[in-house]
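Worksheet: the structure to be examined is printed underneath.
Laboratory data are not the source of any read-out in this text; all were calculated from the coordinates shown. Just so it is clear, the model here is predicted, and its values are computed rather than measured. So basically every Cβ, Gly included, is an ideal-geometry build from the backbone, and we count neighbours across all protein chains shown.
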Amino acid sequence: MSTSREALREYVFSLSIIDTHEHIPDEAVACADTLGFFNFFEHYVSSDLVSAGMPRASLEAMRNPDNGLSQEERWALMAPWWPHASTTAYGRAMIEYMHELFGADDIDGDSVAALSRRIVAARQPGWYHTVLRERAGIDKALVIRWPGQPVDVDRELFRAVPILDHYATPATRADLEALEKEAGHAVQTLDQLMAAQEALLDAFAAKGIVAVKIFLAYQRTLQFDRCSKAEAARAFDRVWLSQRLDLAFEDLKPLQDFMTRRLVGLAAERGLPVQIHTGLQEGNGNHLEHSRPTLLTDLFLDHPDARFVLFHAGYPWAGAVAALAKNFPNVYADLCWMPAVSPAFAARTLDEWIETIPANKIFAVGGDSNYAEGAHGHCNRARLIACDVLGAKMAQGYLSGTEAKWLAARILRENARELFRLD
Ligand SMILES: [Zn+2]
């Protein structure tokens, strides 16, 4: 029996999805917000506003909850730049979810105060369940926990993925002292640093984390070279002696490379996949080249037992991610964030990935939002993209209707359920 595009769409929207990447804070944080609409400018649209020319000081004033500005005054700060950011996919996504969740028909200086009142009123205990489970159809979302944050999450909706990069990047004695505080013992030698890293990972594993995340492409190259323990120990000793930020990247790199590779090895031993930021860095002003996915090749070769998930389609290097995931059994490809950055890119990429990457290694839904509302908007986008791409592949005769449905379930749910062992 053939499946119509309509039937495919119905099936895709009936799936209970696994969202592979979010930055959603605990619900209490959202419920404590008093800003309403202007709370939604921690990232994405704010970055496009700055890219369009909005002075950073105006942005900070607009989103500072404590400076006493009225909603209208906040709007006035953004008004010259909003039209230019509202046409990007970030802007479109925000307009869509403000409409769907809070009934906003227009967002302007006349309506923003009322919209903010509706947002603050809606964000009550239980709101995450309404938005994420009931409205967005999310079974589980994997949420990032930053260095120093606990990994306890509401397990009904979430699983935690911690970033442990701070064990690779101490640059001064003060950084090591901060790690001593977290570890509860001395960190005065490389061996002690390694022991602290391993103990933290084990403590987190006991609390149910499902992966670890490497976020280092925001601050350095993804080229993690092979490096001896002796070289790393020499770098550690220089950090121990360093009272100020006076060490160059070349001085620190052996320690960073060694500790990052060690984290990969420890994660592999514990069956934890490693999610890696590749491609475009959020915000304004960074070294895109640092995030090039092919820089990770030696890591893939040297850790055949680890499982690496390359985030964000390596934007703009989605073809490189496809080639790596096709070539390496231990490399997986994740489109997270891309439905919010560019639905057109996400659709082109998914189309190409279906043709190049085995079906069990593609992840097609991750909202990458700081807000449950953003996750809702971005995940709905991801579903629509899956419908478009799979529907077109059915129309071409590339996939049967049955195969298209099966593939939809793999890339929106089953692949993540298996890799992150969510049962
Ligand atoms: Zn992210």
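Please order Val112, Val264 by the number of other Cβ within 10 Å, starting at the fewest. Walk me through the numbers on the way to the answer.
On the way: Val112 21, Val264 24.
Listing Val112, Val264 from fewest to most nearby Cβ atoms yields Val112, Val264.
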Mind listing the long-range amide H neighbours of Ile214? Cut-off is under 5 Å, sequence gap 5 or more, other chains count too, H placed in the peptide plane at 1.01 Å from N.
Gln275, Ile276, His277
Against the 2.2 N^0.38 Å scaling, with N counting residues, where does the range 34-122 land? I'd like the Cα-based Rg ratio to two decimal places.
0.98
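Counting Lys and Arg as +1 and Asp and Glu as -1, what is the net charge of the other residues whose Cβ lies under 9 Å from the Cβ of His21?
With Lys, Arg at +1 and Asp, Glu at -1, the neighbours total -3.
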Take Tyr398, Tyr90, Tyr11 and order them by how many other Cβ atoms sit within 10 Å, fewest up front.
Tyr398, Tyr11, Tyr90
Among Val151, Val210, Val331, rank each residue by its count of other Cβ atoms within 10 Å, from fewest to most, as a rough exposure measure.
Val151, Val210, Val331
Note on the range 171-255: contact order normalised by length, alpha-carbon pairs under 8 Å, 6 or more apart, percent, works out to 46 percent
Value of [θ]222 nm, deg cm²/dmol, for the chain, DSSP H segments ≥ 4, -39500 (n - 2.57) each, nearest 500
-14500 deg cm²/dmol
Under a 5 Å amide H to amide H cut-off, with H placed in plane at 1.01 Å, what residues pair with Asp368 once short-range neighbours are removed?
His21, Glu22, His23, Trp337
Could you give the C-alpha radius of gyration of the range 128-419 expressed as a fraction of 2.2 N^0.38 Å, taking N as the number of residues it contains?
1.04
For the chain, with the dipole built from +1 on Lys and Arg beta-carbon atoms and -1 on Asp and Glu ones, taken about the Cα centre, which of Pro83, Gln149, Phe38 lies farthest toward the positive end?
Gln149
Listed residues Ala211, Phe224, Leu335: farthest to the positive end of the dipole of the range 128-419 (Cβ charges):
Leu335
The long-range amide H neighbours of Ala160, using H built 1.01 Å from N in the peptide plane and a cut-off of under 5 Å, are Val143, Val210
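Determine the shape class of the range 190-328: with a ≥ b ≥ c the square roots of the Cα gyration tensor eigenvalues, call it rounded for a/c under 1.5, and otherwise prolate if a/b is greater than b/c, oblate otherwise.
Taking the square roots of the gyration eigenvalues as a ≥ b ≥ c, the range 190-328 is oblate.
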Applied in sequence order to the range 272-287, the curve 6.51 cos²θ - 1.76 cosθ + 1.60 (Karplus, θ = phi - 60°) yields integer Hz couplings, x standing for Gly and Pro, of 9, x, 10, 8, 10, 5, 10, x, 2, 9, 5, x, 10, x, 7, 9
Relative contact order of the chain (C-alpha contacts under 8 Å, at least 6 apart) in percent is 21 percent
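Using 32 Å as the Cα-Cα cut-off, could you pick out the over-long pairs in Lys213/Lys405; Lys253/Lys326; Lys181/Lys213; Lys140/Lys229; Lys140/Lys253; Lys181/Lys361? Working shown, then result.
Numbers: Lys213/Lys405 30 Å; Lys253/Lys326 30 Å; Lys181/Lys213 22 Å; Lys140/Lys229 39 Å; Lys140/Lys253 36 Å; Lys181/Lys361 39 Å.
Result: Lys140/Lys229; Lys140/Lys253; Lys181/Lys361 exceed 32 Å.
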Distance in Å, no decimals, from the C-alpha centre of the range 61-128 to the one of the range 30-51 is 8 Å
